[in-house]
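The values are calculated or read from the model by the stated rules, or taken from the named source; none is laboratory data. In this text, all values refer to a predicted model and were calculated from it rather than measured experimentally. Cβ sites come from the backbone with ideal geometry, for glycine too, and all protein chains shown count toward neighbours.
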């Protein structure tokens, strides 16, 4: 089966998801179009999936359809990423406004759950802190609050993202694609799919979709934002990721000792690329519990 001029192969669940690409939409936020994909019935309980720095909605597109029977699911491109527009500068507050705009434009039920990975976890934290009345829960995936997220650190040092290369073919660029930070294992079929959809045509060939300036945003102190969150919240960390035991404990304390910190074994920082089924199972278990339980409150 052909998907946008490329042939992808993988296990049954993966091919089933690719056969359900969702509906592509866009909403304008402060003069910039914000791209997103949606699955499921409009008006159903909402689930919003946010990618990390330099990534895009395709990091979630192969998992999003797995939630579509219970939720209206959205996978979005933050500005400066994917197929969304670029801005003169990027701020955490503007990205949170984009999340809220996508929620409202999609027509999902009030108070959706937001799931954010890495830099997207910081966007999730800020959205939950600054728009508590609009959010039903926040899930933060390996976003180390006590130190800067890795994409931003690399960008500040001028590494990896400073001058994105132009490759003569999409196939060559896909073969060269790697993550920041790197990790030992990836599911090859997922790596190929994500890399292929992270590229755009330019003069001379193909290059990456992100705006290199996005790694220098003005942002609030994440620790301060954690203390402001009043909705349900959970933290996922990985065995080989960036949220270590001590960072997880720090986040647990800042969240009032009422948020679970959940470990995904045998996973690197980019857990959807090497342990997608463990991530899917963890999220489903958490969401099922939240559907049928009363949240603890801060002391």
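Observations on the structure shown:
- The condition of being in contact with a helix residue (DSSP H, G or I) (Cβ under 9 Å, 6 or more places away or on another chain) and either farther than 27 Å from residue 18 by Cα or modelled with pLDDT of 95 or more (or both) holds for only one of 202, 233, that being 233.
- Flag if residue 235 is within 18 Å of residue 115 (Cα to Cα) and either within 18 Å of the chain's Cα centre (by Cα) or not in a strand (DSSP E or B) (or both): yes
- Single unsatisfied condition, residue 90 versus (1) modelled with pLDDT of 95 or more; (2) buried (at least 18 other Cβ atoms within 10 Å of the Cβ); (3) within 25 Å of residue 206 (Cα to Cα); (4) touching a helix residue (DSSP H, G or I) at 6+ places or on another chain (Cβ under 8 Å): (1)
- All positions within segment 41-78 that are surrounded by 23 or more Cβ atoms within 10 Å (Cβ to Cβ) and part of a loop (DSSP other than H, G, I, E, B): 51, 52, 53, 54, 55, 56, 57, 62, 77, 78
- So residue 223, is it within 22 Å of residue 97 (Cα to Cα), over 19 Å from the mean Cα position of the chain (by Cα) and either assigned to a loop (DSSP other than H, G, I, E, B) or modelled with pLDDT under 95 (or both): yes
- Boolean, residue 172 is more than 22 Å from residue 125 (Cβ to Cβ), exposed (fewer than 14 other Cβ atoms within 10 Å of the Cβ) and modelled with pLDDT of 95 or more: yes
- Residues that are farther than 29 Å from residue 14 by Cβ and touching a residue at least 24 places away in the same chain (Cβ under 8 Å), drawn from segment 248-266: 250, 251, 254, 255, 256, 257, 258, 259
- Selection status of residue 287, at pLDDT 95 or above, in contact with a strand residue (DSSP E or B) (Cβ under 7 Å, 6 or more places away or on another chain), in a helix (DSSP H, G or I) and closer than 26 Å to residue 175 by Cβ: no
- Filter pass, residue 11 being over 18 Å from residue 98 (Cβ atoms), in contact with a helix residue (DSSP H, G or I) (Cβ under 7 Å, 6 or more places away or on another chain) and modelled with pLDDT of 95 or more: no
- Some residue of segment 267-287 being without any contact (Cβ under 8 Å) to a residue 60 or more places away in the chain, loosely packed, with under 14 Cβ neighbours inside 10 Å and farther than 21 Å from residue 62 by Cα: no
- Residues of segment 156-169 that turn out to be in a loop (DSSP other than H, G, I, E, B), in contact with a strand residue (DSSP E or B) (Cβ under 6 Å, 6 or more places away or on another chain) and either within 11 Å of residue 205 (Cα to Cα) or at pLDDT 95 or above (or both), as a count: 2
For every residue, the table says whether it meets (1) surrounded by 21 or more Cβ atoms within 10 Å (Cβ to Cβ); (2) in contact with a helix residue (DSSP H, G or I) (Cβ under 6 Å, 6 or more places away or on another chain); (3) modelled with pLDDT of 95 or more; (4) not in a helix (DSSP H, G or I).
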| site | (1), (2), (3), (4) |
| --- | --- |
| 111 | no, no, yes, yes |
| 115 | yes, no, yes, yes |
| 125 | yes, yes, yes, no |
| 182 | no, no, no, yes |
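- Considering the conditions (1) closer than 23 Å to residue 231 by Cα; (2) out of contact with any helix residue (DSSP H, G or I) (no Cβ under 7 Å at 6 or more places or on another chain); (3) surrounded by 19 or more Cβ atoms within 10 Å (Cβ to Cβ), residue 105 is excluded by exactly one of them, (3).
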